[in-house]
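Heads up: the structure comes next, in structure tokens.
The values are calculated or read from the model by the stated rules, or taken from the named source; none is laboratory data. All figures in this text were calculated on a predicted structure; none of them were measured in a lab. When we count neighbours, we look across all protein chains shown, and the Cβ atoms used for this are built from the backbone with ideal geometry, even at glycine.
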Amino acid sequence: MLPRLNEKELARLEDFLITYGNDFSVLNLAELNGFFTALASSPVTVTPEHWLPAVSGGKVPKFKRPDHQEAYTALMLRYSNDVTAELADLDAFEPLFEESEGEEGPVVILEEWCFGYMRGTQIAQWAELPPQQDALLKVISLHGLEDNFELLDQMSEADIQACVPHVIEAVRGLYRHHYPQA
């Protein structure tokens with residue numbers, strides 16, 4: 001197994017996301033982490049041939065240089081493997097949420113990660129879930145679907161921050177549902 005991506009490689013991967021991104025693509029590592037978490041949690045295996053175009057908004061980008069395409073693909077594959085390996089230790093798994101500075105200190109931004117997760121469930125074409133697991137997915141989709149923007153606008157920052165541990169537990173619960181041995 002290849003070593004996990006280091007900070008420099010993660011920065012390069014994020015640069016590729018921004019450079020070759022568009023209005024429909026994954027544009028940051030938080031969203032990519034959510035996307036790969038959903039794919040790793042899926043009962044259906046999705047091959048890179050199917051998820052690579054989804055990351056870039058529907059089709060593989062036209063790279064400026066051949067070495068960019070090679071590096072982009074290699075970093076994507078390695079990062080996908082990293083997230084899958086992190087999920088293997090489910091109780092220690094922590095999503096890669098972005099943070100910003102709020103009035104009272106750091107604030108977790110759930111939206112990008114949750115949007116990535118929901119994109120992953122769509123690419124993997126998750127089947128209808130039993131009620132308990134559907135409720136878990138709704139905890140994530142609250143922050144990961146445009147349909148919920150109006151509801152989120154009515155929530156205070158404290159209410160949104162209170163959702164963070166629930167999102168993490170929802171991820172763990174959905175993974176355990178599809179991989180009970182975890």
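Tabulated data for the structure shown
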| quantity | calculated |
| --- | --- |
| Every pair of residues 6+ apart whose Cβ atoms lie under 9 Å, when the first sits in the range 83-102 and is touching a residue at least 60 places away in the same chain (Cβ under 8 Å) while the second is surrounded by fewer than 12 Cβ atoms within 10 Å (Cβ to Cβ) | A85/M1 |
| Hits in the range 62-87 (condition: within 16 Å of the chain's Cα centre (by Cα), of a type in the set (A, V, I, L, M) and either surrounded by fewer than 16 Cβ atoms within 10 Å (Cβ to Cβ) or more than 30 Å from Q161 (Cα to Cα) (or both)) | L75, L77, A85 |
| Filtered residues of the range 29-61 (kept if outside any helix (DSSP H, G or I), loosely packed, with under 15 Cβ neighbours inside 10 Å and in contact (Cβ under 8 Å) with a residue 24 or more places away in the chain) | P43, V44, G58 |
| Filter result for G21 (surrounded by 15 or more Cβ atoms within 10 Å (Cβ to Cβ) and out of contact with any helix residue (DSSP H, G or I) (no Cβ under 6 Å at 6 or more places or on another chain)) | yes |
| Residue that is modelled with pLDDT of 95 or more, within 18 Å of V44 (Cβ to Cβ) and outside any strand (DSSP E or B), where the choices are L137, L142, L96 | L137 |
